[in-house]
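Notes follow once the structure below has been shown.
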Amino acid sequence: MTLQKDLAEVVPGGLDKTAPEIIWLQIDTSESNKERDELWPGDDGVTWCSESIGGLEIQYVRADLYTDMAKRLEAAERDAARYRHLRKEGDIGCVINGVNWMTFDELDAAIDAAMQESGE
């Protein structure tokens, strides 16, 4: 899923940042929110609120927050793919600072320890 190109290129300003981060579209406040097989009714009778009021409703996240999360996810997926590529040949190890030979498991443990020490 992608945002409209013109919306994706908008730099969020005060209007965006002061709007609710999450809204709920109220489809039918008298229905159970478990009735998810109902089809979209169109705009007729659909309202929105900045908080859940119950009934059959759909939660939405503000577009600028979605875009930021999508970019972070994309970066994390690229990092994970790089790491999987390094490990796919097996535990062949690596050299750190040209001095210490470490297996990938040892490298993982060293990274985890350094991140914990720094509070990450």
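The values are calculated or read from the model by the stated rules, or taken from the named source; none is laboratory data. As the structure is a computational prediction, the values presented were derived from the model and not from experiment. Using ideal geometry, Cβ is built from the backbone for each residue, glycine included, and neighbour counts are taken over all protein chains shown.
Counting only residues that are surrounded by 10 or more Cβ atoms within 10 Å (Cβ to Cβ) and part of a loop (DSSP other than H, G, I, E, B), segment 46-80 holds 7 of them.
One line per residue, one yes/no per condition, for (1) hydroxyl-bearing (Ser, Thr, Tyr); (2) touching an Asp or Glu at 6+ places or on another chain (Cβ under 7 Å); (3) at pLDDT 90 or above:
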{"site": "ASP37", "(1), (2), (3)": "no, no, no"}
{"site": "TRP48", "(1), (2), (3)": "no, no, yes"}
{"site": "TYR66", "(1), (2), (3)": "yes, no, no"}
{"site": "ALA76", "(1), (2), (3)": "no, no, yes"}
{"site": "ASP79", "(1), (2), (3)": "no, no, no"}
{"site": "TYR83", "(1), (2), (3)": "yes, no, no"}
{"site": "LYS88", "(1), (2), (3)": "no, no, no"}
{"site": "ILE92", "(1), (2), (3)": "no, no, no"}
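Considering (1) at pLDDT 85 or above; (2) in a loop (DSSP other than H, G, I, E, B), the lone condition that GLN26 does not fulfil carries the number (2).
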